Amino acid sequence: MSRISEDQVKHVAHLARLAITEEEAEMLTNQLDKIITFAEQLNELDTDNVEPTAHVLEIKNVMREDRAQQGLPREEVLKNAPEHQDGQIKVPGIME
Amino acid sequence: MSLFEHKISELHELLHKRDLSVSDLVDESFKRIGEVEGKVQAFLTLDEENARAAAKALDDKAIQSAPVNKLYGLPIGIKDNIVTKGLRTTAASKILEKFDPIYDATVIQKLKHVETVTIGKLNMDEFAMGSSNENSGFQKTLNPWNLDRVPGGSSGGSAASVAAGEVLFSLGSDTGGSIRQPASYCGVVGMKPTYGLVSRFGLIAFASSLDQIGPITRNVEDNAFLLNAIAGYDEMDSTSAKVDIPDYVGGLTGDIKGLRIAVPKEYLGEGVSEEVRNSVLDALKVLEKEGATWEEVSLPHSKYALATYYLLSSSEASANLARFDGVRYGYRTPNAENLIEMYKKTRAEGFGEEVKRRIMLGTFALSSGYYDAYYKKAQKVRTLIKQDFEKVFEQYDVIVGPTAPTPAFKIGENTRDPLTMYANDILTIPVNLAGVPAISVPCGFDKGLPLGLQIIGRHFDERTVYKVAHAFEQATEFHKQQPQL
């Protein structure tokens, strides 16, 4: 039985904000199915009493002093922006 | 003889006595690049004008006072996922093709402090996702030992440029083996430090809980010098560790008498070629002769590392790469009517195939209804893998095995099936999951292709790792061989 359907792949692509073609959807369904099937070998292990590791070091809630600093100059911020106008980053329409 | 066949300590001595200038070294770099870069294709961006100007400024300064920094004036190459102010940084992705960083990564600031000279930015697999450099959005770097072979990856340009003598040394990054595996394939020395030892500030993130920057050099002593220059706490990286940085070079005593070595049976088993296995067994004999002892151990969860790694690293990548949306920097599609369409087309056009595949896998593993079954499960197995290492390190000082199961493979050999490509990292991935340090040093050849010995240490015990690597190197001649280009 396949682990992931083509419809699911299309839904995940939407969540990931990736436009995919029909061919890509088919290919990805195939490839992801293989990778997920491979990953399911982890189910051989009983992990009921195992704590998850998000991070290997014992570092938690790192805070630094809250001090006011000069922000980046506007021209630096805009230097790499694909489109800008009047000192603002410009994007295509958000609403109809 | 190339100037880069000298060790850092020798070059420093020559510079100090003014028998050599920084300009001579930078000339050597660009001369060699002129000769071999057409074949090797290690660089994405060269910074010749600034490098020559920096060399001249350093030479002028040296007239006033003799240089003190050990790395003063030495030509370095930087993996292209480390941001360099004013020097194009792409992570080998079309989505960042024209990205001009407005700040320096912490490691770059540190290199500026010790006065190295940056020659250029090195090719890699796109966003460090790959083991061959075939996933670069721009070009394929080739292995200097055999131009039909891959240099390894993802830091393929970093390893190939050092092996080819284009730079004295380089920086790479290692998420699942991306420093050690190309170092092994290219016959150079590559160190992945303990997670948290080197600041990740300014490293374009792939998998934040696994990524580490580290040095690639021609010998162990040079590697220790470079790590000393870049290691240390950084308040700009919240996962940076507050630990004292020892003198790694001072620890290279050559004395490994009484050292206890563990050799995991899983690292010499199925999938590891006979030549690789024999080179490791020979290496163990060398280490025994130097006074160490070794025993076989088990890291029983090793076979689960690959699946664990792909779930965790892809999940983290899917979150990290969400920032490439065509708004603040990078490529933006010219063909979009509204914002959502702009995001989707920008990312579809900007990212390569492997990057998209991993974003998809990660998004799936983190999505509602699957999170516990895949992502959380993998985090739990990560704990078991980490505990495997902790148990072994209760009784042994280092773990030794091969870096990669085979020498460098042919270009195109593994591109069809993602899972075969992923299997190249099977011996390096557990180290990143456990967060421990590991080095790859040259330990033999198979049909003219270099092999690497992997030495793994306890958290923050780079000193012992270096000591063992150095003792091995001093007792062997492998590192003295040069590729014929």
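Residue-level check: of (1) surrounded by fewer than 24 Cβ atoms within 10 Å (Cβ to Cβ); (2) within 27 Å of B:VAL188 (Cβ to Cβ); (3) out of contact with any Gly (no Cβ under 6 Å at 6 or more places or on another chain); (4) in contact (Cβ under 8 Å) with a residue 24 or more places away in the chain, B:PRO405 misses just (3). Being hydrophobic (A, V, I, L, M, F, W, C), within 22 Å of B:ALA207 (Cα to Cα), facing chain B (nearest Cβ under 7 Å) and open to solvent by less than 30 Å² (accessible area, probe 1.4 Å) is the filter here, so list the residues in region A:33-56 that pass it. Correct list: A:ILE35, A:ALA39, A:LEU42, A:VAL56.
Taking into account only those residues within region A:1-32 that are free of Cβ contacts under 8 Å to residues at least 12 places away in the same chain and in a loop (DSSP other than H, G, I, E, B), which is farthest from the other protein chains (Cβ to nearest Cβ)? Looking at residues that are free of Cβ contacts under 8 Å to residues at least 12 places away in the same chain and in a loop (DSSP other than H, G, I, E, B), I get A:MET1.
For region B:375-409, how many residues meet the condition of being within 14 Å of chain A (Cβ to nearest Cβ), of a type outside the set (A, V, I, L, M, F, W, C) and more than 30 Å from B:GLY362 (Cα to Cα)? Of the residues in that region, 0 qualify. Considering each residue of region B:444-457 in turn, at least one proves to be within 18 Å of B:GLY187 (Cα to Cα) and basic (Lys, Arg). For B:ALA322, state whether it is hydrophobic (A, V, I, L, M, F, W, C), open to solvent by 30 Å² or more (accessible area, probe 1.4 Å) and within 8 Å of chain A (Cβ to nearest Cβ). When the stated conditions are applied, B:ALA322 passes them.
Let's see how each residue does on (1) in contact with a Lys or Arg (Cβ under 9 Å, 6 or more places away or on another chain); (2) at negative phi; (3) in a helix (DSSP H, G or I); (4) at pLDDT 95 or above:
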position	(1), (2), (3), (4)
B:GLU49	no, yes, yes, yes
B:ALA57	no, yes, yes, yes
B:GLY77	yes, yes, no, yes
B:THR90	yes, yes, no, yes
B:TYR103	yes, yes, no, yes
B:GLU115	yes, no, no, yes
B:THR118	yes, yes, no, yes
B:GLN139	no, yes, no, yes
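Tallying residues that are open to solvent by less than 10 Å² (accessible area, probe 1.4 Å) and either over 19 Å from the mean Cα position of the chain (by Cα) or within 14 Å of chain A (Cβ to nearest Cβ) (or both) within region B:94-110 yields 3. Quick check, is A:HIS55 of a type outside the set (Asp, Glu) and part of a helix (DSSP H, G or I)? In short, no. Listed residues B:ILE385, B:ILE399, B:ILE456; which is among the aliphatic types (A, V, I, L, M), more than 20 Å from the chain's Cα centre (by Cα) and crowded, with 17+ Cβ neighbours inside 10 Å? That would be B:ILE385, the only listed residue that is among the aliphatic types (A, V, I, L, M), more than 20 Å from the chain's Cα centre (by Cα) and crowded, with 17+ Cβ neighbours inside 10 Å. Candidates in region B:68-80 are the residues that are in contact with a helix residue (DSSP H, G or I) (Cβ under 6 Å, 6 or more places away or on another chain) and of a type outside the set (Lys, Arg); of these, the one that is surrounded by the fewest Cβ atoms within 10 Å (Cβ to Cβ) is B:LEU71. List every residue pair whose Cβ atoms lie under 9 Å apart, where the two residues are 6 or more positions apart in sequence or sit on different chains, the first residue falls within region B:459-471 and is more than 14 Å from every other protein chain (Cβ to nearest Cβ) and open to solvent by 10 Å² or more (accessible area, probe 1.4 Å), and the second residue, located anywhere, is of a type in the set (Lys, Arg) and assigned to a loop (DSSP other than H, G, I, E, B). As it stands, the answer is B:THR464/B:ARG458, since those pairs meet every condition given.
Screening the candidates B:SER367, B:SER302, B:SER298 for the property of being surrounded by fewer than 21 Cβ atoms within 10 Å (Cβ to Cβ), polar (S, T, N, Q) and more than 30 Å from B:VAL392 (Cα to Cα) yields one hit, B:SER367. Please go through region A:76-89 and give me each residue that is more than 9 Å from every other protein chain (Cβ to nearest Cβ) and either assigned to a loop (DSSP other than H, G, I, E, B) or on the phi > 0 side of the Ramachandran plot (or both), ordered by number. Correct list: A:ASP86, A:GLY87. The residues listed here are A:THR21, A:THR37; of these, the one that is within 27 Å of B:LYS377 (Cβ to Cβ) and either within 26 Å of the chain's Cα centre (by Cα) or among the charged types (D, E, K, R) (or both) is A:THR37. Among the residues of region B:294-319, those identified as closer than 30 Å to B:GLU97 by Cα and either at the interface with chain A (Cβ under 7 Å from one of its Cβ atoms) or of a type outside the set (Ser, Thr, Tyr) (or both) are B:TYR310, B:LEU311, B:LEU312, B:GLU316, B:ALA317, B:SER318, B:ALA319. Applying the criterion of being within 14 Å of chain A (Cβ to nearest Cβ) and aliphatic (A, V, I, L, M) to the residues of region B:63-90, the residue that is farthest from the chain's Cα centre (by Cα) is B:LEU87. Restricted to region B:237-276, and to residues there that are assigned to a loop (DSSP other than H, G, I, E, B) and of a type in the set (Val, Ile, Thr), the residue that is most open to solvent (accessible area, probe 1.4 Å) is B:THR253.
Sub-7 Å Cβ pairs linking a first residue in region B:335-354 that is in contact (Cβ under 8 Å) with a residue 40 or more places away in the chain and more than 7 Å from chain A (Cβ to nearest Cβ) to a second residue that is of a type in the set (Asp, Glu) and open to solvent by less than 50 Å² (accessible area, probe 1.4 Å), at least 6 apart or interchain, are B:THR346/B:ASP325; B:GLY352/B:GLU126; B:GLU354/B:GLU126, ordered by first then second residue.
The values are calculated or read from the model by the stated rules, or taken from the named source; none is laboratory data. Remember, it's a predicted structure, so these values are computed and weren't measured experimentally. Note that each Cβ is placed from the backbone with ideal geometry, even for glycine, and that neighbours are counted across all protein chains shown. Heads up: the accessible areas ignore ligands, DNA and RNA and are worked out on the full protein's heavy atoms, side chains in. Shrake-Rupley method; radii C 1.70, N 1.55, O 1.52, S 1.80 Å.
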